[in-house]
1. Leaving ligands and nucleic acids out of the surface, order Val53, Val81 by accessible area at 1.4 Å, largest first.
2. Val87 to Gln22: FRET efficiency via 1/(1 + (r/R0)^6), r the Cβ-Cβ distance, R0 22 Å, to the nearest 0.05?
3. Note down the accessible area of Asp64, probe 1.4 Å, to the nearest 10 Å².
Amino acid sequence: MENKDLQEDNTVDNAGDLGNTQFFNVETFKEITVKSTLALVYEALTEKGYNPVNQIVGYIMSGDPTYITSHKSARSRIMKVERDELVEELLTEYIRTQNLTK
């Protein structure tokens, strides 16, 4: 009974308290994550002497993570990103840099 009283006394009601609420822009976070992941993977593959374009394309096409080196945790990092998100980011960046948007 003593523990129950202690538990009830330490209960804090935060309902309606928006002073500490944090808001996140999910799209921006995703973009940063995909971009930084691609940068890290590219760097790790280059450092290990691989052709990063060929390796990344191999991974995207097959889904086989062994195309990506484990150096700098690149393999585990790229596996946290959906492959379609990688393609979307690469295509978006290509279109942006080629001024293909009207």
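1. Values: Val53 90, Val81 10 Å².
Final ranking, largest accessible area leading: Val53, Val81.
2. Numbers: r = 31 Å, r/R0 = 1.40.
Computed FRET efficiency for Val87 and Gln22: 0.10.
3. Solvent-accessible area, nearest 10 Å²: 60 Å².
The values are calculated or read from the model by the stated rules, or taken from the named source; none is laboratory data. Given the structure is predicted, the values throughout are model-derived calculations rather than measurements. Don't worry about glycine lacking a Cβ; one is built from the backbone with ideal geometry, like all the others, and counts go over all protein chains shown. Please note that ligands, DNA and RNA were not included when accessible areas were found on the heavy atoms of the full protein model with its side chains. Shrake-Rupley method; radii C 1.70, N 1.55, O 1.52, S 1.80 Å.
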